[in-house]
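Report on the following structure.
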Amino acid sequence: MPDTILALESSCDEYAAAVVQDGREVLASVVASQAELHARYGGVVPELAGREHLRSVAPVLETVLAEAGRDWDSIDGIAVTQGPGLGGSLLVGINAAKAAAWARGLPCIPVHHIEGHIYANWLAPSLDAYDGAPPPFPALCLVVSGGHTELLLMRDHGDFRRLGQTLDDAAGEAFDKVGRLLGLPFPGGPEIERAARDRTPADRLPRAWLPGTYDFSFSGLKTAVLHRVRALQEDGAAEGVADPGPLARAFQDSVVDVLSAKTARAAEEHEARSVIVAGGVAANGALRAALRERSPAPVRWPPPRLCTDNAAMIGGAAFYRRRTDPALAFDLFSTSGPGVFQAGTG
Ligand code: KG4
Ligand code: ZN
């Protein structure tokens, strides 16, 4: 009996739905992005995101079922991002999932957003490059997104231990804020990568090594960029800088150096058999190249469309969660959900 899961993801500024079979096959994946709406404000406006999600609920569900060629009778469970994320945005997805689960008499499976990003690496489009073979355990996971920067050790399905995390800004958040300082459009990550390509770094920006830990910090680096932008602006520019390339390159070099060095060291210490990268920043080519060069274990990442927020990854994670914890489900009439993500240190 195939396990066909309808998944919803609405933790930030994307409202997404997907139909995933057996944790691997993506029958359909639809992402309603609000990037254009928020670009005007230079960042995600939480209240606007939640309201916009409401508009997407019905059309996105109809589209994803039609694209998957499935009807409600073929759906075995509904998965939804439980958190972390923006409260108003999460509520829209969770309530849509609970309502559909109640109406159809299906289990509503809560999924931790980070666990979803990690499981993007188990979806068929990610496995294609490896002849369908999943990442071997123990796997060292680097999760780098707009909201998170974490290093986790995954010993088996559902067995996660957090080794370190950012003490301030997430890596993607730093990319976005620095993009704004440099006068680049939102989101800053892809813009900085583009601006930095084939450029010489302005100079060597600081790296917060935080010795003896697997933690990260990017706020000092952001301030260093701010000082350099101010210095350049004295020459007349009111906003951004005339040529963002050299500073974008220096910033990216610093972030990539710290992320790749710490990931490689953790992989070595924990004798990881694979290193998997997840989250929006995993789309960064310079990060991928540095990890490939430094990591003691083979490095994997999903195709770009599965690196950024999507619902297929939530459907994948839910499939494995249901295997390790078959009873896991939201109480449809309670406002609180069960804790689903066990990270050793926090
Ligand atoms: O995973 P994601 O879609 O959303 C969150 O859960 O936060 O990640 C979005 C983040 C943004 O901060 C964006 O700037 C960053 O991923 N990002 C990149 C690149 N593409 C997206 N950062 C660096 N280089 C990229 N190519
Ligand atoms: Zn995300």
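The values are calculated or read from the model by the stated rules, or taken from the named source; none is laboratory data. Computed from a predicted structure; not experimentally measured. Methodologically, a virtual Cβ is constructed for each residue, glycine included, from the backbone with ideal geometry; neighbour enumeration extends over all protein chains shown. These accessible areas exclude ligands, DNA and RNA; they are computed on the full protein's heavy atoms, side chains included. Shrake-Rupley method; radii C 1.70, N 1.55, O 1.52, S 1.80 Å.
State whether one or more residues within region 307-319 are among the hydrophobic types (A, V, I, L, M, F, W, C), away from ligand 2 (no atom under 16 Å from the Cβ) and farther than 18 Å from Ala120 by Cβ. No: zero hits. Filtering region 281-305 to residues that are outside any helix (DSSP H, G or I) and either closer than 15 Å to Asp257 by Cβ or open to solvent by 40 Å² or more (accessible area, probe 1.4 Å) (or both) leaves Asn284, Ser295, Pro296, Pro298, Trp301. For first residues located in region 77-91 and part of a strand (DSSP E or B), partners that are open to solvent by 50 Å² or more (accessible area, probe 1.4 Å) and lie 6+ apart or on another chain with Cβ distances below 9 Å form the pairs Gly77/Arg322; Ile78/Arg104; Ala79/Arg322; Gln82/Gly339.
Ala282 - would you say it is within 16 Å of ligand 2 (Cβ to nearest atom), among the aliphatic types (A, V, I, L, M) and closer than 27 Å to Gly77 by Cα? When the stated conditions are applied, Ala282 does not pass them.
When residues in region 118-177 are screened for being in a strand (DSSP E or B), within 14 Å of ligand 1 (Cβ to nearest atom) and either under 21 Å from Ala224 (Cβ atoms) or charged (D, E, K, R) (or both), 4 of them pass. The single condition among (1) away from ligand 1 (no atom under 12 Å from the Cβ); (2) under 30 Å from Pro107 (Cβ atoms) that Ala278 does not satisfy is (1). Applying the criterion of being of a type in the set (A, V, I, L, M) and more than 8 Å from ligand 1 (Cβ to nearest atom) to the residues of region 184-206, the residue that is surrounded by the most Cβ atoms within 10 Å (Cβ to Cβ) is Ala196. Does at least one position in region 163-181 carry a residue that is touching a Lys or Arg at 6+ places or on another chain (Cβ under 6 Å), more than 14 Å from Val255 (Cβ to Cβ) and either of a type outside the set (A, V, I, L, M, F, W, C) or open to solvent by 30 Å² or more (accessible area, probe 1.4 Å) (or both)? No, that holds for no residue.
Kindly establish whether Thr223 is of a type in the set (Val, Ile, Thr), in a loop (DSSP other than H, G, I, E, B), modelled with pLDDT of 90 or more and out of contact with any strand residue (DSSP E or B) (no Cβ under 7 Å at 6 or more places or on another chain). No: the conditions fail for Thr223. Is it the case, given these coordinates, that Cys141 is under 24 Å from Arg155 (Cα atoms) and open to solvent by less than 10 Å² (accessible area, probe 1.4 Å)? Judged against the criteria, Cys141 is a match. The residue that is farthest from Val299 (Cα to Cα), counting only those in region 265-276 that are assigned to a helix (DSSP H, G or I) and open to solvent by 10 Å² or more (accessible area, probe 1.4 Å), is Glu269. Residue count for region 181-192 under the criterion of being part of a helix (DSSP H, G or I) and either small (Gly, Ala, Ser) or more than 17 Å from the chain's Cα centre (by Cα) (or both): the result is 5. Quick one: is Gly93 within 16 Å of ligand 1 (Cβ to nearest atom) and farther than 26 Å from Tyr214 by Cβ? Answer is yes for this residue.
The residue that is farthest from Lys177 (Cα to Cα), among those in region 35-54 that are within 13 Å of ligand 1 (Cβ to nearest atom) and touching a His at 6+ places or on another chain (Cβ under 8 Å), is Ala49. Take the conditions (1) within 16 Å of ligand 2 (Cβ to nearest atom); (2) modelled with pLDDT of 95 or more; (3) under 14 Å from Gly315 (Cα atoms); (4) open to solvent by 20 Å² or more (accessible area, probe 1.4 Å); Asp76 misses just one of them, which is (1).
Return a yes/no flag: does region 96-114 have any residue that is in a helix (DSSP H, G or I), within 15 Å of Cys307 (Cβ to Cβ), more than 13 Å from ligand 2 (Cβ to nearest atom) and under 12 Å from the mean Cα position of the chain (by Cα). No, that holds for no residue. Among the residues of region 239-261, some residue qualifies, meaning at least one is open to solvent by less than 10 Å² (accessible area, probe 1.4 Å), on the phi > 0 side of the Ramachandran plot, over 21 Å from the mean Cα position of the chain (by Cα) and at pLDDT below 95.
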